[in-house]
Amino acid sequence: MAEALTLAARPAALRPVWVLAGLACLLAAVSALWMWQGLGGGGNRGFVLGLRANKLAALALVGVSVGVSTVTFQTVAANRVLTPSIMGFDALYVLLQTALVASLGIAGFAGLPATAKFLSEIALMVLLASALFGTLMLQGARDIPRMILTGVILGVLFRSLAGFMGRVMDPAQYAVVQAASFASFNRVNATLLPVAGAVTLLAVLAAWRMSARLDVLALGRDAAVSLGLRHQAVVIAALSLVALLVSVSTAVVGPVAFFGLIVAGLAHGLTRSASHGVLLPAAGLIGATILIGGQWLFERQLGQAATLSVVVEFAGGLFFLYLLLKGRIR
Amino acid sequence: MRILPALSLALIALMLASLTIGAAQVDLRMLRQDPLAMLVLVESRLPRMLAVALTGAALSVAGVLIQALVRNRFVGPDTSGTAEGAALGLLAITIWAPASPLWLRMVVASLAAMAATALFLAVIRRLPAREVMLVPIAGIILSGVVGSVVTFVAWQHDLMQFVGTWLGSGEFSGAIAGRYELLWIAGGAAVLAWLAADRFAILGLGDSVATGLGLSVDAVMRLGLLAVSVVTAMVVTTVGMLPFVGLVVPNLVARLMGDNLRQTLPVVALAGAVLVLACDLVARVVVAPYELPAGLILGVLGAGLFLWLLHRRPAHG
Amino acid sequence: MIEIRAVSHRIAGTPILHDITTRLPEGRLTALIGPNGAGKSTLLRLIGRLEPLQAGRIRVAGHDIATTPTDRLAQVMAVLGQQTLIASRLRLAELVAFGRWPHHKGRPTAADRAHVAEAIRTFALDPLADRFMDELSGGQAQRAHIAMAFAQDTEWLLLDEPLNNLDMSHARALMARLRALVDRQGRSVAVVLHEVNYAAAWADHIIALKDGSILAEGAPDAVLTEELLSRLYDAPIAMGRHQGRPLVLHHA
Ligand SMILES: Nc1ncnc2c1ncn2[C@@H]1O[C@H](COP(=O)(O)OP(=O)(O)O)[C@@H](O)[C@H]1O
Ligand SMILES: [Mg+2]
């Protein structure tokens, strides 16, 4: 019997390895394309390479953050179709930035060095988000529709509050906030790259180390508790990682709407695995590949960099719907 | 049934407030002596008040309808592709036939809204029935896809500004006499829905129950689709899509009163009007003499209110 | 032994359990019976620390559930709640394998795999091992969850209405399986049953709950009397006997 089981399980067990290898190759290919395609000789070669490397790093960082944070979040929320963005994480971060500037003033807070400012923002964000969403998810388990509804509404509330504060605050202060929180794929916030990179790396490693516990968490609260998982601690830890990763990607390129949904959906659909040891790397690779490939296509080939986010939404959304209809996302 | 009178009182109070508050002083008691005040009232205040109330009521009813059509509480006309569909239709006719008359633009917008919503319904019919939360997500994604087409086309034709007003967050400052009357059509569609309330309530119980009770499911679906699309298209064209109303108000009322639509639809309409009127008032007062988009206030006030109501009393699961 | 002392519980302000004090003997099959809404599931969830304890104390095999680390408890008891929907898309064998998690914490050994294979065989699930859980019938999924709890290999097994969705032959096989666990391996089982005759036929010890209080407890012959059952279910009930055990007749 034992042999029969392992035999039967073999194709399923091997599949993720191939998928991960394929995704890694794809990422390597688009990265190489990004760095060296159309690179002239001449004196400014080094300079251009430097620029490209910077942007490559930013795109990879954001892709990985979004992928890993969304998969982790969906496991905590026991829901394959929610994202940190839908539940208001990035809105909370933007609100936090706005509120800090509004309350501490331009000279005090915005005057800090970018790195110190960023680190204090994400520290505050981790505290707030894990307290708020941790409470919501731990208390909300009894009435899940209510929990989800609350989260979605919180997202709307944060977004509107940030918009509201922006409208009624001092224009000079607003300019500071706007410069800080309206980054986009084209105006990557490059000053933060080193520290953001370090934070992302640490958070992703931590998430990966948690993957066995995330597998158990995915069984649902009752089963997880019954198996002896320290449910509450794991939920809070996972949400803190999500908050870190969302802060990073929001700070570097701004809110990314449904991108995470698409990446997580693709990760589940392509690997067809329930193991976070496979899902997390897959989601990171997919996120980075889509962003780098997409930006290459639009910036270099079509000369329409401004529309990358639009096309990510369009193509990714269609693909997501396709997977949905094929029954590959559940 | 204490909800209905309370809401009616609130509605009347808010309507009076909406008429009196604003840059120009309007004293309702002195209207006879003051022709200028009369002019402000008839040309600006009254249309605005009606526009706000109609929008809130009609969008809330549209929310109930779309929720009955897809049998899922977590969707609204702003997350079903409907609003984006209407915007796409408007965009198309603006590009291809810029000189076309208003009625034609409305028909095209409604048809496009209907097509997008029908697409949504076709998509979710093929989803596994057990997966409740996939439905709103499919809607959000589909809205995103249609919305990205709208953005892309508008970008190419330099029409982003229009899209901003259609899909922005609801601006009532432009609602003056001559510019808001289309919303009556939205109101009419909502009344039509109320007349067929029982059918939608039965539809919400499922295809087999509906068929068992002798209802033609397809006919009711078409009626609902029509009403939702017309309401949304009119709102999108006149004041721009208000997010959130169509989702929140029906949920709120259903939590308090249940799902017997014949009884609840009037309450839904009233509650929607009250909510949007209140938000519009705040939007006009808070940074006077300027004003904010009502949708922004809706996001803050409506969301806060909703959270409070949602958690005020323990749910019975 | 499971000791329950002065346990009361409220949900959203409504009292659900009133001052429950009782013992579930070890090495026995205990059945919790009672009408719908009596509080059986709540009591079982409290014992299984799926619900935080509000008042009173519960000790499972000497471990106070309020103070013992949860991963230690998972090696003492396995709990299967009434609702077993899972969000992730797992194959049956993968689900059952999670039963070993308390023992290996993510690094399964050969022994763990052997336990899993045994659990799958025990519940006659071999042909379904590679199916996804959402491609199973309700009864099959139920058996998979029970197999998972079984694979956890604990002294205590707590099951909430495990016969739900099972046909007569699988229900009987499960009860026989639980009986064998108790008789041959000396394990202890507590099971919520809404069908009294299963309790009558298989249990050693019965606890009858009504409106959040214990109405009666003891051996089947002592608890399953006409007078007591009629009171428990507010309906006239007659008793017969079959093969030396009580038999409940509801069409009296
Ligand atoms: N989440 C909840 N909210 C409110 N009441 C609940 C909840 N869960 C259970 N109850 C109530 O607690 C009582 C006991 O429930 P339960 O233990 O599930 O009963 P049983 O399993 O015996 O049928 C019932 O009256 C039920 O209505
Ligand atoms: Mg029960």
For region C:111-169, give me each residue that is free of Cβ contacts under 8 Å to residues at least 24 places away in the same chain and among the basic types (K, R). C:R113, C:R121
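Looking at C:Q82, is it under 19 Å from the mean Cα position of the chain (by Cα) and either on the phi < 0 side of the Ramachandran plot or within 14 Å of chain A (Cβ to nearest Cβ) (or both)? Steps first, please.
Values: under 19 Å from the mean Cα position of the chain (by Cα): yes; either on the phi < 0 side of the Ramachandran plot or within 14 Å of chain A (Cβ to nearest Cβ) (or both): yes.
Criteria met by C:Q82.
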Determine, yes or no, whether A:A251 is open to solvent by 20 Å² or more (accessible area, probe 1.4 Å), away from every other protein chain (no Cβ under 14 Å) and either in contact with a helix residue (DSSP H, G or I) (Cβ under 7 Å, 6 or more places away or on another chain) or within 18 Å of A:P84 (Cβ to Cβ) (or both). no
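Going by what's in this entry, would C:A74 be described as hydrophobic (A, V, I, L, M, F, W, C), at the interface with chain A (Cβ under 8 Å from one of its Cβ atoms) and touching a residue at least 40 places away in the same chain (Cβ under 8 Å)? Quick ask: steps written out before the conclusion?
On the way: hydrophobic (A, V, I, L, M, F, W, C): yes; at the interface with chain A (Cβ under 8 Å from one of its Cβ atoms): yes; touching a residue at least 40 places away in the same chain (Cβ under 8 Å): yes.
Yes; evaluated as a whole, the condition is true for this residue.
Could you tell me whether A:L261 is open to solvent by 10 Å² or more (accessible area, probe 1.4 Å) and in a helix (DSSP H, G or I)? Break it down stepwise before answering.
On the way: open to solvent by 10 Å² or more (accessible area, probe 1.4 Å): no; in a helix (DSSP H, G or I): yes.
No, not satisfied.
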Out of C:I65, C:I58, which single residue is open to solvent by 10 Å² or more (accessible area, probe 1.4 Å) and away from ligand 2 (no atom under 16 Å from the Cβ)? C:I65
Let me spell it out: the conditions are (1) more than 14 Å from chain C (Cβ to nearest Cβ); (2) assigned to a helix (DSSP H, G or I); (3) open to solvent by 10 Å² or more (accessible area, probe 1.4 Å), and A:G277 meets all of them except one. Which number is the exception? (1)
Could you tell me whether any residue of region B:262-275 is farther than 24 Å from B:F120 by Cα and within 14 Å of another protein chain (Cβ to nearest Cβ)? yes
Pairs with Cβ under 6 Å, 6+ apart, first in region C:26-39 and among the acidic types (D, E), second at pLDDT below 95 and in a loop (DSSP other than H, G, I, E, B): C:E26/C:M1
Within region B:212-317, which helices (runs of 4 or more DSSP H) (wholly inside it) include 2 or more residues that are buried (at least 16 other Cβ atoms within 10 Å of the Cβ) and among the acidic types (D, E)? none
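Kindly indicate the residue of region A:136-168 that is among the small types (G, A, S) and part of a helix (DSSP H, G or I) and also modelled with the lowest pLDDT among those meeting that condition. Walk me through how you get there before you give the answer.
Just the residues of region A:136-168 that are among the small types (G, A, S), to begin with: A:140-141, A:151, A:155, A:160, A:162-163, A:166.
Right, trim to part of a helix (DSSP H, G or I) and you get A:140, A:151, A:155, A:160, A:162-163, A:166.
Working: A:G140: 71, A:G151: 80, A:G155: 83, A:S160: 82, A:A162: 82, A:G163: 79, A:G166: 77.
Residue satisfying both the conditions and the ranking: A:G140.
Would you mind finding the one in B:L59, B:L69, B:L54, B:L65 that is touching a Pro at 6+ places or on another chain (Cβ under 8 Å), closer than 24 Å to B:L261 by Cβ and away from every other protein chain (no Cβ under 14 Å)? Break it down into steps so the answer makes sense when it comes.
Details: B:L69 fails: touching a Pro at 6+ places or on another chain (Cβ under 8 Å); B:L54 fails: touching a Pro at 6+ places or on another chain (Cβ under 8 Å); B:L65 fails: touching a Pro at 6+ places or on another chain (Cβ under 8 Å).
Only one candidate passes the filter, namely B:L59.
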Which one of the conditions (1) touching a Leu at 6+ places or on another chain (Cβ under 7 Å); (2) modelled with pLDDT of 90 or more; (3) open to solvent by 30 Å² or more (accessible area, probe 1.4 Å) does B:A112 fail to meet, given that it meets all the rest? (3)
Options A:A172, A:A233, A:A212; residue that is surrounded by fewer than 22 Cβ atoms within 10 Å (Cβ to Cβ) and modelled with pLDDT under 75: A:A172
Would you point out the residue of region C:7-30, among those that are hydrophobic (A, V, I, L, M, F, W, C) and within 16 Å of ligand 2 (Cβ to nearest atom), that is farthest from the other protein chains (Cβ to nearest Cβ)? C:I20
Consider C:W101 against the criteria (1) under 22 Å from C:H170 (Cβ atoms); (2) within 11 Å of chain A (Cβ to nearest Cβ): it satisfies all of them except one. Which criterion is unmet? (1)
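From the list C:I33, C:I4, which one is away from ligand 2 (no atom under 16 Å from the Cβ) and crowded, with 21+ Cβ neighbours inside 10 Å? Outline the logic, then answer.
Details: C:I33 fails: away from ligand 2 (no atom under 16 Å from the Cβ).
Matching residue, one of C:I33, C:I4: C:I4.
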Qualifying position, being facing another protein chain (nearest Cβ under 8 Å), away from ligand 1 (no atom under 16 Å from the Cβ) and open to solvent by 40 Å² or more (accessible area, probe 1.4 Å), among C:A93, C:A114, C:A110: C:A114
Restricting the search to region C:153-169, which residues are more than 11 Å from every other protein chain (Cβ to nearest Cβ), more than 12 Å from ligand 2 (Cβ to nearest atom) and of a type outside the set (A, V, I, L, M)? C:D153, C:E155, C:W156, C:N165, C:D167, C:S169
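Give the residue, chosen from C:L209, C:L224, that is surrounded by 14 or more Cβ atoms within 10 Å (Cβ to Cβ), more than 14 Å from chain A (Cβ to nearest Cβ) and either within 16 Å of ligand 2 (Cβ to nearest atom) or closer than 25 Å to C:G48 by Cα (or both).
On the way: C:L224 fails: either within 16 Å of ligand 2 (Cβ to nearest atom) or closer than 25 Å to C:G48 by Cα (or both).
Criteria check complete, one pass: C:L209.
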Residue check, C:S188 modelled with pLDDT of 90 or more and among the hydroxyl-bearing types (S, T, Y): yes
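Quick check on region A:229-252. Is at least one of its residues closer than 17 Å to C:R89 by Cβ and assigned to a helix (DSSP H, G or I)? Walk me through how you get there before you give the answer.
Pass one, region A:229-252, residues closer than 17 Å to C:R89 by Cβ: none.
Scanning region A:229-252 turns up no residue that is closer than 17 Å to C:R89 by Cβ and assigned to a helix (DSSP H, G or I).
Restricting to helices (runs of 4 or more DSSP H) lying wholly in region C:190-252: which have 1 or more residues that are within 21 Å of C:N164 (Cα to Cα)?
Working: elements: C:196-202, C:220-223, C:226-233.
Helices (runs of 4 or more DSSP H) meeting the threshold: C:196-202, C:226-233.
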Would you confirm whether any residue within region C:94-112 is within 16 Å of ligand 2 (Cβ to nearest atom) and within 16 Å of the chain's Cα centre (by Cα)? no
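Only residues that are away from ligand 2 (no atom under 16 Å from the Cβ), modelled with pLDDT of 90 or more and out of contact with any Asp or Glu (no Cβ under 6 Å at 6 or more places or on another chain): list them for region C:71-93, please.
Within region C:71-93, the first condition is being away from ligand 2 (no atom under 16 Å from the Cβ), and the residues that meet it are C:71-78, C:86-93.
Adding the requirement that they be modelled with pLDDT of 90 or more leaves C:72-78, C:92-93.
C:R72, C:L73, C:A74, C:Q75, C:M77, C:A78, C:L92, C:A93 - these are the residues of region C:71-93 that are away from ligand 2 (no atom under 16 Å from the Cβ), modelled with pLDDT of 90 or more and out of contact with any Asp or Glu (no Cβ under 6 Å at 6 or more places or on another chain).
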Of the conditions (1) assigned to a loop (DSSP other than H, G, I, E, B); (2) within 14 Å of chain A (Cβ to nearest Cβ); (3) of a type outside the set (K, R); (4) open to solvent by 10 Å² or more (accessible area, probe 1.4 Å), C:L50 satisfies every one except a single condition; which number is it? (4)
Yes or no: region B:292-311 includes at least one residue that is within 16 Å of ligand 1 (Cβ to nearest atom), within 14 Å of another protein chain (Cβ to nearest Cβ) and free of Cβ contacts under 8 Å to residues at least 12 places away in the same chain. yes
Among the residues of region C:40-74, what is the count of those that are away from ligand 1 (no atom under 16 Å from the Cβ) and closer than 14 Å to C:S188 by Cβ? 5
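The values are calculated or read from the model by the stated rules, or taken from the named source; none is laboratory data. Everything numeric in this text was worked out from a predicted model, so none of it was measured. Neighbour counts are summed over all protein chains in view; Cβ atoms, including those assigned to glycine, are modelled from backbone coordinates with ideal geometry. Surface areas here come from the heavy atoms of the whole protein model, side chains and all, with no ligands, DNA or RNA. Shrake-Rupley method; radii C 1.70, N 1.55, O 1.52, S 1.80 Å.
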